[in-house]
Amino acid sequence: MRAFRSMREWLARAPTDDPVEQLSAPFMQWLLVAVGVAVPLIRIYATWLDGWKPVASWRAADWVDFASDAAIVSAAWTGVVLIRRGYFARAVWMFVGVLLASAAAAYAETGYRLSPPDPLPILIMAAGGIVLGRRALWVSYSSLVGIFALGQLADATWLGGPQHGQWAAFRTLPMLALAYGVVALILDRAIAALRTALRQAEERAHALAEGNRRLEREMEERARTQSQLIHSQKMDAVGRLASGVAHDFDNVLNVVLGYAAQREELADRGTPALLTALEGIELAALRALSISRKLLNFSRHDAEELHVFDADEALGELEPMLHQLLGRYAKLHIARPRHAIPLRLNRGQFELMILNIAANARDAMPDGGSFDVRLSVDEDRNEVTLRLSDNGVGMTDAIRQKMFEPFYTTKPTGSGTGLGLSIVASMIEAAGGSVEVISAPGEGTEFVLRLPRAPTAH
């Protein structure tokens, strides 16, 4: 069984690019192998039944029969070799030609009148037409009509059959031509329909393949565009933080300059005073260094790789940037559990989501207000919940329904791109989470972000 399956798979791998030949190659090879094996076996069986005749006693009919069998067997095995080497059409043309020549030789030797019913003509037309096309079908039909005429000519002349007038031997030729013509016409229509359907299927396959390639290109372009938009949002957030960062650095420099201005007084007060001043300078410098490093890492255009990080720690490190972003008129309140909360996400995207929502909250509180951030874990649903709320102007239902659409914004021209919340929604969707927005005019806005918690390593 395994050998048969291996043989079938081997025959199916015929080296040809033509779709019709790819479909016909396995069947044609099986047919050629069957003919190449069956014809010798039939001849051996017939010899065993009738007894062996010495070659010297063979008549012309015996020689024609032997030569026909030898030619057919040779053509069958040669055809298999040609198909395996990529010459499919040549192999089938050769095999059909040998069958036609053998039939012509048999009819010339035995005539048509005494020939037994033979399905070979139908096989020749079907194999030639289906495998090679309509031209081969009508060539085979014309050749068969000529072979029938040759057999009837043999009956009328050199075989010396009964004579009933000059054209008596050809009286069945018109009926044969008509009958086989009808068969050829039916095969012709079937072949035309089959090849048309195959061509349409091939065209649809090419169109589908091209559509898939175009879709892949569009998806790659969309991924690149989204990456560029995210980076642009990061740079926009960094730009909005610039003034606050500059103010913070001014404070650091003022602290350093203040201690420097008191250097003589501090020197008179001794080593403890100098150590205290240096400690104050160090704390101010560390605060400035923390903000600058955070800005530098946040603005990098790194590949968006997912990794597990502590959401609680990330939120704590983001607090200075949130203070700078909100400004002096908006109060920031952060409530976090102060223990590790693992998230599998791109950390830069997590920070960008919070900064985008915080920027919108700041714009919604032009006269000041408060922005609250609460991080918690829903143990039952194994989710991390991040609530970000403000007491600003709020939103109507119409605005809330369209707020995540790309390029939708209620801000004046030059004040917003309409991409911030769209990017937030796409990030949460890609992470397998969800976002809920609770808002009403005059009652502020609350974003509820739910993200799947990463498994804790043991």
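Being under 41 Å from the mean Cα position of the chain (by Cα) and modelled with pLDDT under 85 is not true of Leu375.
Of all the numbered requirements in (1) modelled with pLDDT of 65 or more; (2) assigned to a helix (DSSP H, G or I); (3) under 42 Å from the mean Cα position of the chain (by Cα), Asn297 misses one, and that requirement is (1). Sort out which residues of the stretch 46-78 are under 21 Å from Tyr107 (Cα atoms), part of a helix (DSSP H, G or I) and over 51 Å from the mean Cα position of the chain (by Cα), and write them in order of number. Answer for the stretch 46-78, where residues must be under 21 Å from Tyr107 (Cα atoms), part of a helix (DSSP H, G or I) and over 51 Å from the mean Cα position of the chain (by Cα): Ala46, Ala60, Ala61, Asp62, Trp63, Val64, Asp65, Phe66, Ala67, Ser68, Asp69, Ala70. Taking every residue in the stretch 195-217 that is within 27 Å of Leu132 (Cα to Cα) and pairing it with any residue that is assigned to a helix (DSSP H, G or I) and aliphatic (A, V, I, L, M), at least 6 positions away or on another chain, the pairs with Cβ-Cβ distances below 8 Å are Arg195/Val20; Leu198/Val20; Leu198/Leu23. When each of Arg135, Arg43, Arg113, Arg90 is tested for being in a helix (DSSP H, G or I), of a type outside the set (Ser, Thr, Tyr) and surrounded by 15 or more Cβ atoms within 10 Å (Cβ to Cβ), the lone residue that passes is Arg43. Residues in the stretch 68-100 that are closer than 17 Å to Gly129 by Cα and among the polar types (S, T, N, Q): 0 in all.
Of all the criteria given as (1) of a type in the set (A, V, I, L, M, F, W, C); (2) buried (at least 17 other Cβ atoms within 10 Å of the Cβ); (3) within 39 Å of the chain's Cα centre (by Cα), the one not satisfied by Ala103 is (3). What is the residue count in the stretch 154-190 for residues that are surrounded by 12 or more Cβ atoms within 10 Å (Cβ to Cβ) and modelled with pLDDT under 75? Within the stretch 154-190, residues that are surrounded by 12 or more Cβ atoms within 10 Å (Cβ to Cβ) and modelled with pLDDT under 75 number 3. State whether the residues of the stretch 355-369 include one that is among the polar types (S, T, N, Q) and at pLDDT below 85. Yes. When restricted to residues that are within 15 Å of Arg84 (Cβ to Cβ) and buried (at least 16 other Cβ atoms within 10 Å of the Cβ), the stretch 22-40 contains 9. Which numbered condition trips up Val81, out of (1) under 41 Å from the mean Cα position of the chain (by Cα); (2) modelled with pLDDT under 80? Tallying (1) under 41 Å from the mean Cα position of the chain (by Cα); (2) modelled with pLDDT under 80, Val81 fails exactly one: (2).
On inspection, Arg43 does not qualify as modelled with pLDDT of 75 or more, assigned by TED's automatic domain parsing to the domain that holds Gly133, on the phi < 0 side of the Ramachandran plot and within 33 Å of the chain's Cα centre (by Cα).
Please go through the stretch 427-456 and give me each residue that is exposed (fewer than 12 other Cβ atoms within 10 Å of the Cβ) and free of Cβ contacts under 8 Å to residues at least 24 places away in the same chain, ordered by number. Once the filter is applied, which keeps residues that are exposed (fewer than 12 other Cβ atoms within 10 Å of the Cβ) and free of Cβ contacts under 8 Å to residues at least 24 places away in the same chain, the stretch 427-456 yields Gly432, Glu436.
The values are calculated or read from the model by the stated rules, or taken from the named source; none is laboratory data. Bear in mind the structure is a predicted one, so any value in this text is a computation, not a measurement. Neighbour counts run over all protein chains shown; Cβ positions are idealised from the backbone, glycine included.
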